[in-house]
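Step one of this worksheet: look at the structure below.
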Amino acid sequence: MRLDKILNIKYPFIQGGMANISKGKFASDVSNAGGLGLIGTGGMDEEDLKKEIAIAKENTDKLFGVNLLLLNPEIDRLVDLVISEDIKFITTGAGNPGKFMKRFKERGIIVFPIVSNTSLAIRMERLGADGIIVEGEEAAGHIGELSTMVLLPEVATKVKIPVIAAGGIASGRQIFAAEVLGASGIQFGTSMLFTEECPIHENYKNRLLQAKSSNVTVIGTTNGYRTRVLKNKMARKYLNLEREEGNKLELEKLTLGALKKAVFNGDMEEGSIMAGEVVGTLDKIYKIEELFQKFYGDYERIKKSYEKSE
Ligand SMILES: Cc1cc2nc3c(=O)[nH]c(=O)nc-3n(C[C@H](O)[C@H](O)[C@H](O)COP(=O)(O)O)c2cc1C
């Protein structure tokens, strides 16, 4: 694990960008707890992001970053903003950050693109990325098609820059396994929802606490927008429509605003309850700091026990 050394933070842990959830307050709470918090820009415009960056700066003097979704129609303005706001760390998703890379590099911004296949990781390294976040399909939210178990060691042997593992990790044992497979740090999503500070509706947290790994499913396979969620009325309707080859507009209508319904209204039937395969791993709500201590402590203990037995 080296990410903590590279970024001069306490733990080699990144809280992945989460649209509508990881805004300025939560991201800075994560940074204050010793990880690297990211403001997720999904659905945000320039004004929204400016406000959230101000909140984060107010709440912490520690390093925090911004997760840029390159599909966002506002992306050019968001990039201008992160540069003018002197943001030091960026992750990019849903596309190729090539056209912005020169400006990021000139400003000394650390860029870790998120990838779900090896060829994109190699291209990102050539473009000048400082590290790669490899996200396996075990993860919550929009996903690729390869598992962390396969993708992580493949990328780690093909690139020289640090590789961060995301997807399917929510315990010390899994953190140690990711290190063995080549990871320099971990990006968490699902487990960050199991924290007191996480600003999702209580119904969402209660639902997560009851959930098992077998309760997740993937919607959006037919329209190229695979998304891992908990099974509920919305997901069942979506999957039925997909089976009947329902038109894309109907599918779009079903998911439109569905994450907001779950996050803000606590609607556990019509909302999109994004969660990864590790949803059954944690059985209580932690303070962020307590969760990081547990993850790191368990990781160190397990690692030592393996070293001793060698
Ligand atoms: C509720 C939720 C929303 C997410 N939204 C985003 C997002 O907007 N952008 C993104 O790059 N990743 C998003 N993710 C993925 C996380 O950043 C992270 O990479 C992933 O959850 C890690 O896998 P895990 O869930 O198994 O820990 C989201 C995850 C969750 C749980």
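Looking at this structure, is Gly189 closer than 19 Å to Gly16 by Cα, open to solvent by less than 20 Å² (accessible area, probe 1.4 Å), touching a residue at least 12 places away in the same chain (Cβ under 8 Å) and in the same structural domain as Gly40 (by TED's automatic domain parsing)? Let's see the steps before the verdict.
Values: closer than 19 Å to Gly16 by Cα: yes; open to solvent by less than 20 Å² (accessible area, probe 1.4 Å): no; touching a residue at least 12 places away in the same chain (Cβ under 8 Å): yes; in the same structural domain as Gly40 (by TED's automatic domain parsing): yes.
Spelling it out, it is not the case that Gly189 is closer than 19 Å to Gly16 by Cα, open to solvent by less than 20 Å² (accessible area, probe 1.4 Å), touching a residue at least 12 places away in the same chain (Cβ under 8 Å) and in the same structural domain as Gly40 (by TED's automatic domain parsing).
Taking the options Glu269, Glu289, name whichever one is open to solvent by 50 Å² or more (accessible area, probe 1.4 Å) and not assigned by TED's automatic domain parsing to the domain that holds Ile175. Let's see the steps before the verdict.
Numbers: Glu289 fails: not assigned by TED's automatic domain parsing to the domain that holds Ile175.
Within the list Glu269, Glu289, the selection yields Glu269.
Can you tell me which of Thr227, Thr217 is free of Cβ contacts under 8 Å to residues at least 40 places away in the same chain, over 13 Å from Thr281 (Cα atoms) and not assigned by TED's automatic domain parsing to the domain that holds Ile132?
On the way: Thr227 fails: free of Cβ contacts under 8 Å to residues at least 40 places away in the same chain.
On inspection, the qualifying residue turns out to be Thr217.
Here's the yes/no breakdown for (1) part of a loop (DSSP other than H, G, I, E, B); (2) over 24 Å from Gly276 (Cβ atoms); (3) modelled with pLDDT of 95 or more; (4) of a type in the set (A, V, I, L, M):
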| position | (1), (2), (3), (4) |
| --- | --- |
| Ile14 | no, no, yes, yes |
| Ser22 | yes, no, yes, no |
| Lys25 | no, no, yes, no |
| Ser28 | no, no, yes, no |
| Asp48 | no, yes, yes, no |
| Ile53 | no, yes, yes, yes |
| Ala56 | no, yes, yes, yes |
| Lys62 | yes, yes, yes, no |
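Which of the numbered conditions does Thr92 fail, given that it passes all the others? Conditions: (1) more than 21 Å from Glu179 (Cβ to Cβ); (2) outside any strand (DSSP E or B).
(2)
Among (1) open to solvent by less than 30 Å² (accessible area, probe 1.4 Å); (2) in contact with a Leu (Cβ under 8 Å, 6 or more places away or on another chain); (3) more than 28 Å from Phe292 (Cα to Cα), there is one condition Ile83 misses while meeting the rest; what is its number?
(2)
Identify, by number, the condition in (1) part of a helix (DSSP H, G or I); (2) over 18 Å from Gln187 (Cα atoms); (3) in contact with a Ser or Thr (Cβ under 9 Å, 6 or more places away or on another chain) that Phe295 doesn't meet.
Only one criterion is unmet by Phe295, namely (2).
Restrict the check to segment 228-237 and report whether at least one residue is among the basic types (Lys, Arg) and crowded, with 23+ Cβ neighbours inside 10 Å.
From segment 228-237, those among the basic types (Lys, Arg) are 228, 231, 233, 236-237; that's our starting set.
Now restrict to residues that are crowded, with 23+ Cβ neighbours inside 10 Å: 228.
Within segment 228-237 (the criterion being among the basic types (Lys, Arg) and crowded, with 23+ Cβ neighbours inside 10 Å), the answer is yes, since at least one residue qualifies.
Restricting to segment 17-68, name every residue that is away from the ligand (no atom under 16 Å from the Cβ), polar (S, T, N, Q) and open to solvent by 10 Å² or more (accessible area, probe 1.4 Å).
Answer for segment 17-68, where residues must be away from the ligand (no atom under 16 Å from the Cβ), polar (S, T, N, Q) and open to solvent by 10 Å² or more (accessible area, probe 1.4 Å): Asn32, Asn59, Thr60.
Does Gly98 meet the test of being away from the ligand (no atom under 13 Å from the Cβ), surrounded by fewer than 23 Cβ atoms within 10 Å (Cβ to Cβ) and in contact (Cβ under 8 Å) with a residue 60 or more places away in the chain?
Details: away from the ligand (no atom under 13 Å from the Cβ): yes; surrounded by fewer than 23 Cβ atoms within 10 Å (Cβ to Cβ): yes; in contact (Cβ under 8 Å) with a residue 60 or more places away in the chain: no.
So Gly98 fails the test.
The values are calculated or read from the model by the stated rules, or taken from the named source; none is laboratory data. Here the structure is a predicted model, which is why all the values come from computation and not from measurement. Note that we place each Cβ from the backbone using ideal geometry, even for glycine, and neighbour counts take in every protein chain shown. When the accessible area is computed, the model is the full protein with side chains, heavy atoms only, and any ligands, DNA or RNA have been set aside. Shrake-Rupley method; radii C 1.70, N 1.55, O 1.52, S 1.80 Å.
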